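The values are calculated or read from the model by the stated rules, or taken from the named source; none is laboratory data. Everything numeric here is computed off the predicted structure, so don't read it as measured data. Neighbour counts run over all protein chains shown; Cβ positions are idealised from the backbone, glycine included.
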Amino acid sequence: MNNFKVMMNGIIKENPTFVLLLGMCPTLGTTSSAINGMGMGLATMFVLICSNVVISSIKNLIPDMVRIPSFIVVIASFVTLLQMVMQAYVPDLYATLGLFIPLIVVNCIVLGRAEAFAAKNNPVASMFDGLGMGLATTVVLVMSNMIISLLRKVIPDGVRMPAYIVIVASFVTIVQMILQAYVTTLYDALGLYIPLIVVHCIILGRAES
């Protein structure tokens with residue numbers, strides 16, 4: 001698999017939010033503005049790329065019994081660096097995102113790609129994997145923030161929850177049709193979990209709040 005395909009795989013086939021359903025806490029928790037979504041997405045992408053490259057470079061030096069703790073130390077180092085840079089240059093954004101920045105350390109997207117990809121591939125391919133996953137996360141965060149911000153302005157308070165259910169159901173139906181047409185194996189494996197997204201209390205709760 002060439003580097004471009006690795007990147008596109010992270011954006012489409014293994015999209016961390018819509019396909020793998022990873023890292024849902026920042027996705028559902030930073031829905032106040034598109035700027036916050038972009039900031040969270042870029043922060044995650046920075047940590048993904050840097051940690052993937054470093055972990056891929058040192059994977060043969062790490063004993064198997066301390067593999068996961070070592071990965072977490074690498075990720076935590078980049079998150080700490082990111083925190084210091086954000087506090088110095090974008091303090092308002094850092095204050096808005098709050099606890100979600102240090103929680104990148106245990107974000108399942110970052111740790112999952114370190115274990116599933118970076119630990120088994122070369123640094124260049126791992127960099128493109130981090131780039132693809134980071135871009136996918138950023139796009140999802142920005143789009144969801146923009147849609148929710150617009151909806152809050154046009155939907156009356158009295159019908160807000162039913163409207164959210166209709167909108168979520170529409171997107172879920174589109175996802176079902178795409179999976180059935182192009183990723184049949186994944187669709188069969190997920191089964192009823194896909195339509196259950198419609199009534200997922202976290203999604204509706206975050207949309208409403």
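Can you confirm whether the range 154-164 contains a residue that is modelled with pLDDT of 75 or more, over 23 Å from Val79 (Cβ atoms) and either of a type in the set (D, E, K, R) or surrounded by fewer than 13 Cβ atoms within 10 Å (Cβ to Cβ) (or both)?
Taking every residue of the range 154-164 in turn, at least one turns out to be modelled with pLDDT of 75 or more, over 23 Å from Val79 (Cβ atoms) and either of a type in the set (D, E, K, R) or surrounded by fewer than 13 Cβ atoms within 10 Å (Cβ to Cβ) (or both).
Is it the case that Ile147 is part of a helix (DSSP H, G or I), surrounded by 15 or more Cβ atoms within 10 Å (Cβ to Cβ) and at pLDDT 85 or above? Don't jump to the end; show me each part of the working.
Details: part of a helix (DSSP H, G or I): yes; surrounded by 15 or more Cβ atoms within 10 Å (Cβ to Cβ): yes; at pLDDT 85 or above: no.
No: the conditions fail for Ile147.
Of the residues Ala88, Ala136, Ala95, Ala116, which single one is exposed (fewer than 14 other Cβ atoms within 10 Å of the Cβ) and under 13 Å from Leu48 (Cβ atoms)?
Working: Ala88 fails: under 13 Å from Leu48 (Cβ atoms); Ala136 fails: exposed (fewer than 14 other Cβ atoms within 10 Å of the Cβ); Ala95 fails: under 13 Å from Leu48 (Cβ atoms).
Result of the check over Ala88, Ala136, Ala95, Ala116: Ala116.
For the list (1) closer than 16 Å to Met133 by Cβ; (2) assigned to a helix (DSSP H, G or I); (3) at pLDDT below 90; (4) touching a Gly at 6+ places or on another chain (Cβ under 6 Å), I need the number of the one condition that Ile104 fails.
Answer for Ile104: the failing condition is (4).
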